[in-house]
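Read the structure below first, then the notes.
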């Protein structure tokens, strides 16, 4: 008689396989899902117990009772979907048509991660009272307290991520000396393995020089990570540095009177959103971010502010019902959003 396949046991075996292949972040998600499902169900149950009714009730539990965001719930659902598909391929569970159709497995746009230009400038400027940022050539490494050192490093890394096409912190931290070739950074993204090629400007070179690794035995370009650690120890070191960086960013935001939540994600989302406002095509933004799909990029892009859309609608309806419109007036009304200008001022 065939043994009943239990969800926790099966997911644990997959999680251990992920750890052996050094996919520690994915393994961490699996661990979180195992604990969450066990807390919800109150017991272990067969993998075949994943039914549309169970999944919908579990989603309601995550959203309504635990207060998780839709994107976090979606991450959990995609994890369960991956487990189900893996078991299905090995014919260990029966096929259920559209099993995950009733639950959300997509990505909702998170507009809060994209900062306004004014907030980003205030965050990166040398003085808390400045509105415009000073030139990078005026920056000097800190010599004050440890707290001041941490916030200065956080500001420098944030500016680097902006200048490096919205590079995420994991890619910045794992930049290797070998990635620097003929004035370009040529690397593959840590998450998607998509290639990136970024020209090194004088500003980038100057900022990177503040915190470059002077350890000849370390493979890393910057002194963010311990270059002597490998495997799970290296993953733990990265997680520790990520937490410290986010804490330093929150401290920096308080010092600069930026009254919104600031994290490592802000550089990436802000770069993508402002690229959209500058009229850069989504496909180009996608390649600049190193996304495997334009769909992923679209989740990053913040919609135009209501005021911009209100003025755009007024211009369109005025043109439809009143006839001619001067291009100059149109440009004045739509302000600094060239995409809207191009569409409305033809």
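The values are calculated or read from the model by the stated rules, or taken from the named source; none is laboratory data. The shown structure was predicted, so the numbers you read here are calculated from the model rather than taken from an experiment. Cβ: placed from backbone, ideal geometry, glycine included. Neighbour counts: every protein chain shown.
Looking across the range 93-148, the residues that are touching a helix residue (DSSP H, G or I) at 6+ places or on another chain (Cβ under 9 Å), modelled with pLDDT of 50 or more, in a loop (DSSP other than H, G, I, E, B) and farther than 26 Å from residue 272 by Cα come down to 93, 94, 95, 96, 98, 99, 100, 101, 102, 103. Taken over the range 32-48, residues that are surrounded by 13 or more Cβ atoms within 10 Å (Cβ to Cβ) and either outside the structural domain of residue 82 (by TED's automatic domain parsing) or in a helix (DSSP H, G or I) (or both) amount to 10. Applying the condition of being under 13 Å from the mean Cα position of the chain (by Cα) and part of a helix (DSSP H, G or I) to the range 247-267 and asking which residue is farthest from residue 116 (Cα to Cα) yields 265. The helices (runs of 4 or more DSSP H) located wholly in the range 268-346 that include 1 or more residues which are modelled with pLDDT under 85 and out of contact with any strand residue (DSSP E or B) (no Cβ under 6 Å at 6 or more places or on another chain) occupy 294-300, 306-322, 327-334, 338-344. Among the residues of the range 63-88, what is the count of those that are free of Cβ contacts under 8 Å to residues at least 40 places away in the same chain, within 13 Å of residue 37 (Cα to Cα) and surrounded by 15 or more Cβ atoms within 10 Å (Cβ to Cβ)? The number of residues fulfilling the criteria is 2. With respect to being in a loop (DSSP other than H, G, I, E, B), surrounded by fewer than 18 Cβ atoms within 10 Å (Cβ to Cβ) and at pLDDT below 95, residue 209 falls outside the description. Are any residues in the range 50-62 in a helix (DSSP H, G or I) and exposed (fewer than 15 other Cβ atoms within 10 Å of the Cβ), and if so, which ones? Correct list: 53, 56, 57, 60. Residues in the range 165-189 that are surrounded by fewer than 17 Cβ atoms within 10 Å (Cβ to Cβ) and in a loop (DSSP other than H, G, I, E, B) were compared, and the one that is nearest to the chain's Cα centre (by Cα) is 183. Contact annotation: residue pairs with Cβ atoms under 6 Å, 6 or more positions apart or on different chains, pairing a residue in the range 277-296 that is assigned by TED's automatic domain parsing to the domain that holds residue 267 with a partner that is outside any helix (DSSP H, G or I) and surrounded by 17 or more Cβ atoms within 10 Å (Cβ to Cβ), are 277/337; 288/165; 289/166; 290/189; 290/196. Each residue in the range 10-25 was checked for being without any contact (Cβ under 8 Å) to a residue 40 or more places away in the chain and surrounded by 16 or more Cβ atoms within 10 Å (Cβ to Cβ), and 2 of them qualify.
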